[in-house]
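Below is one structure, written out as structure tokens, with a few remarks after it.
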Number of protein chains: 2
Amino acid sequence: MSLIRTREESFINLNPLQTGGRTNAAVRVTAASYVDGYSVCDYCKGVLHLIEKPPICELTKQLAEFLNMDEARLTLGAREGKFEVMHTILSPGDAIVVDSNRHYTTYVAAECIGAKIYEVPNTGYPAYEILSSAYRQTFDEVIAQTGNPPKLALLTHVDGEYGNLVDAREVGQICQEYGVPFLLNTAYTAGRMEVKGKDLVADFIVVSAHKGFGVPGTIGVLATTEKWAERLFRKSVRYPKKDIELLGCTARSAAAACLITALPYVKERVKDWDEDVKKARWFVEQMEALGDIEQLGIKPTKHDLLRFKTPLFDKMAGQQRKRGYFLYYELEKRGITGIKPGQTAWFKLSTYGLTWEQVKYLFGAFEEIAKQG
Amino acid sequence: MSLIRTREESFINLNPLQTGGRTNAAVRVTAASYVDGYSVCDYCKGVLHLIEKPPICELTKQLAEFLNMDEARLTLGAREGKFEVMHTILSPGDAIVVDSNRHYTTYVAAECIGAKIYEVPNTGYPAYEILSSAYRQTFDEVIAQTGNPPKLALLTHVDGEYGNLVDAREVGQICQEYGVPFLLNTAYTAGRMEVKGKDLVADFIVVSAHKGFGVPGTIGVLATTEKWAERLFRKSVRYPKKDIELLGCTARSAAAACLITALPYVKERVKDWDEDVKKARWFVEQMEALGDIEQLGIKPTKHDLLRFKTPLFDKMAGQQRKRGYFLYYELEKRGITGIKPGQTAWFKLSTYGLTWEQVKYLFGAFEEIAKQG
């Protein structure tokens, strides 16, 4: 029996995981057409990124260019890309420095390698900001403790908790100064805004295409510079075409064909990023004006992922029959979904991809609910 | 612009990579409905295999049961599952024994770990058989060279070169006798025929669902026994719900929802396996009767993946304007595809999923082409 999901058709979906991955009609046609497993392998000559029909070879070149890096490969997602870089560079016990706002998979990938993890602290309430200078301090601590700089540093370009955009170029320059390879996780930036890896002094960029490029999962991009390409994309001794770290081929699915369809749209949509941020800022302003609501993270926000501290709704929950679930159901009644059920003291949402009309409708819904209290 | 692929609608597709992964109508509806990235995460409580809506928690239980193992997780494919087992068990320099008919990804995954690879030879032309007794000999060689049995043994249940089915239970018993953990790669068996892991004395089973369960990629299954579950599925110290080796969650895509839809069909289709083998055998018999064509691998075959040595077509190629490509184009004219363009001295094909009528039509096409010579 088929399973039916209508979230994107029937609701305004605010789930930050999902707003940048929403597929458009053209991508859906490709997805349906290439639905079967190994569909992109019809004319394979041995390696995914060299397939000419559909033009995945051209896609990977364009992705490298789009990210301003020298070489790119498809991966199965951002976490898989992070693991591949770590597995190439780190041995068990080696030090890695990561920002404390990082996604859990950054931590788990480093744990899987057996690396020693040092975290760059954020500035705490209310901005939770990662300052580039804190990388310098953490590097110095690693040197003091181990005698050497870390073997790798990772920065989450925009994190999934506060939507904070970090000055990656400053972090990259500090990495360069200390001779530390720099891995930039752009899961929440690439595909939304322009990301030019070499301008940010990045040695490695990982992308989540099903999070940021409007394609089905699971697929990502791993891009690097000439300096690292040979090592990261080292070949099997026995199978000289096959990338060892990628286990040969990665996104051997419709997702690879969909990314070909999606890329031209993505190249266009990143040009609208300033307008996307404007919508998010307008929404924050309106929400805070309701009183007893505070946007956490840097202000004004530079991203669509918004975290709100909402004593207003939390107090209301105490009066409601559905308790903490009331907000979820009140929004649902108004055709809005994507906030975690049960959360009222704080919640995250993303305004990405909404029109001005939708953002206004969204605020109107919150305002209406707030005024019931 | 959308990309269009009509291989499954317009052709009889013989590509062995693709015949077991062909999606049915019900699966396609689920795929279209869950097309967006992270679509299965709508009601996530932190871990993919515990999601209740869609019922992935029930799916993983059913998969463990279907494979007669104690615990199962979704992976991103068979190669990823193999890597995860190897990465859990092996340190660089450790010995792994694998059959020489193994998929290239078995070799590359072991290379990625830095393991020392020992290969169990096959019997050579014409059967290229992997005898269980050869595992015993290879184990003895490893012991003679290193003083210890290998840390892991892998068997490809049916290989992708000859379609040879190996007696996995005998290999499993030898592994048990030597105290060697036993990893069984069922990419070409599970989903086609019944595979009961514990009956085969397997410690680990990897499945390729986009190869054998009729679902979109990329997705697989990794199953193990009580004895190994805690180690293989060890949890993050910081994130106690997250499987370290899986980097948290794997098939966070439509593929997971599709596997829920597909499993009941797969449970039914494995009951028809004897008939599938009968069709393959009939086809082999007819082809060999054309003369100057020989099926390689064990005989009579026990699988739908067939490798033919075809001097008949090779000689014809010499007379043709299109040379080695003539066979590909002659088949294409008759609505048949999936044989590698340019190959006439030998080729592989799979008869899986064809009706008797289609198998007869297929042979008729080859016969017609042969008689042109």
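The values are calculated or read from the model by the stated rules, or taken from the named source; none is laboratory data. In this text, all values refer to a predicted model and were calculated from it rather than measured experimentally. FYI the Cβ positions are ideal-geometry reconstructions off the backbone, even for glycines, and counts take in every protein chain you see.
Here are some notes:
- Scan of the range B:242-260 for residues that are in contact with a Phe, Trp or Tyr (Cβ under 9 Å, 6 or more places away or on another chain) and part of a loop (DSSP other than H, G, I, E, B), ordered by number: B:K242, B:I244, B:E245, B:L246, B:L247, B:R252, B:S253
- Scanning the range B:10-41 for residues that are more than 7 Å from chain A (Cβ to nearest Cβ), part of a helix (DSSP H, G or I) and either in contact with an Asp or Glu (Cβ under 6 Å, 6 or more places away or on another chain) or buried (at least 23 other Cβ atoms within 10 Å of the Cβ) (or both) yields B:V27, B:V40.
- Filter result for A:I89 (surrounded by fewer than 24 Cβ atoms within 10 Å (Cβ to Cβ) and aliphatic (A, V, I, L, M)): yes
- Residue match in the range A:261-272 (condition: exposed (fewer than 14 other Cβ atoms within 10 Å of the Cβ), within 14 Å of chain B (Cβ to nearest Cβ) and free of Cβ contacts under 8 Å to residues at least 60 places away in the same chain): yes
- Only one entry in B:A127, B:A134, B:A95 is touching a helix residue (DSSP H, G or I) at 6+ places or on another chain (Cβ under 6 Å), more than 14 Å from chain A (Cβ to nearest Cβ) and not charged (D, E, K, R), namely B:A95.
- Within the set A:G147, A:G124, A:G81, the sole residue that is small (G, A, S) and under 21 Å from B:I244 (Cβ atoms) turns out to be A:G81.
- Residue among A:I4, A:I89 that is more than 19 Å from the chain's Cα centre (by Cα) and away from chain B (no Cβ under 13 Å): A:I89
- Pairs, first free of Cβ contacts under 8 Å to residues at least 24 places away in the same chain in the range B:2-18, second part of a loop (DSSP other than H, G, I, E, B), C-beta under 7 Å, six or more apart: B:L3/A:Y34; B:L3/A:P54; B:R5/A:Y34; B:E8/A:D36; B:E8/B:R22
- A:W273 vs. criteria within 21 Å of A:T23 (Cβ to Cβ) and either under 26 Å from the mean Cα position of the chain (by Cα) or not in a loop (DSSP other than H, G, I, E, B) (or both): yes
- Taking the criterion of being touching a Gly at 6+ places or on another chain (Cβ under 6 Å) and of a type in the set (V, I, T), the only residue of the range B:168-202 that qualifies is B:V201.
- Residues satisfying the stated conditions in the range B:224-239, i.e. in contact with a Ser or Thr (Cβ under 9 Å, 6 or more places away or on another chain) and aliphatic (A, V, I, L, M): B:L232
- Extreme residue, surrounded by the most Cβ atoms within 10 Å (Cβ to Cβ), among residues of the range B:274-286 that are in contact with a helix residue (DSSP H, G or I) (Cβ under 6 Å, 6 or more places away or on another chain) and closer than 17 Å to B:N13 by Cα: B:F283
- Residues within the range B:42-70 that are at the interface with another protein chain (Cβ under 7 Å from one of its Cβ atoms) and in contact with a Lys or Arg (Cβ under 7 Å, 6 or more places away or on another chain), tallied: 1
- Highlighted here are the helices (runs of 4 or more DSSP H) found entirely within the range B:288-373 that include at least 3 residues which are charged (D, E, K, R): B:326-333, B:356-372.
- When the range A:240-254 is limited to residues that are out of contact with any strand residue (DSSP E or B) (no Cβ under 8 Å at 6 or more places or on another chain) and small (G, A, S), the one that is farthest from B:A254 (Cα to Cα) turns out to be A:G248.
- Hey, A:R22 within 21 Å of the chain's Cα centre (by Cα) and of a type in the set (D, E, K, R) or not: yes
Conditions (1) within 15 Å of the chain's Cα centre (by Cα); (2) over 28 Å from B:V27 (Cβ atoms), marked per residue:
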{"residue": "B:V207", "(1), (2)": "yes, no"}
{"residue": "B:G212", "(1), (2)": "yes, no"}
{"residue": "B:P216", "(1), (2)": "yes, no"}
{"residue": "B:F233", "(1), (2)": "no, no"}
{"residue": "B:S236", "(1), (2)": "no, yes"}
{"residue": "B:L246", "(1), (2)": "no, no"}
{"residue": "B:A257", "(1), (2)": "no, no"}
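- Cβ separations smaller than 6 Å between residues 6+ apart or across chains give the following pairs from the range B:343-370 residues that are free of Cβ contacts under 8 Å to residues at least 40 places away in the same chain to residues that are assigned to a loop (DSSP other than H, G, I, E, B) and not aliphatic (A, V, I, L, M): B:A365/B:R334.
- Options B:T351, B:T355, B:T337; residue that is crowded, with 20+ Cβ neighbours inside 10 Å and of a type in the set (V, I, T): B:T351
- Once the range A:102-135 is narrowed to residues that are touching a strand residue (DSSP E or B) at 6+ places or on another chain (Cβ under 6 Å) and assigned to a loop (DSSP other than H, G, I, E, B), the residue that is surrounded by the most Cβ atoms within 10 Å (Cβ to Cβ) is A:I130.
- Checked against the criterion of being in a helix (DSSP H, G or I), modelled with pLDDT of 95 or more, closer than 26 Å to B:H210 by Cα and not aromatic (F, W, Y), the candidates B:E141, B:E170, B:E161, B:E84 yield just one match: B:E84.
- Pick from the range B:287-325, criterion of a type in the set (S, T, N, Q) and more than 26 Å from the chain's Cα centre (by Cα), ranking: surrounded by the most Cβ atoms within 10 Å (Cβ to Cβ): B:Q320
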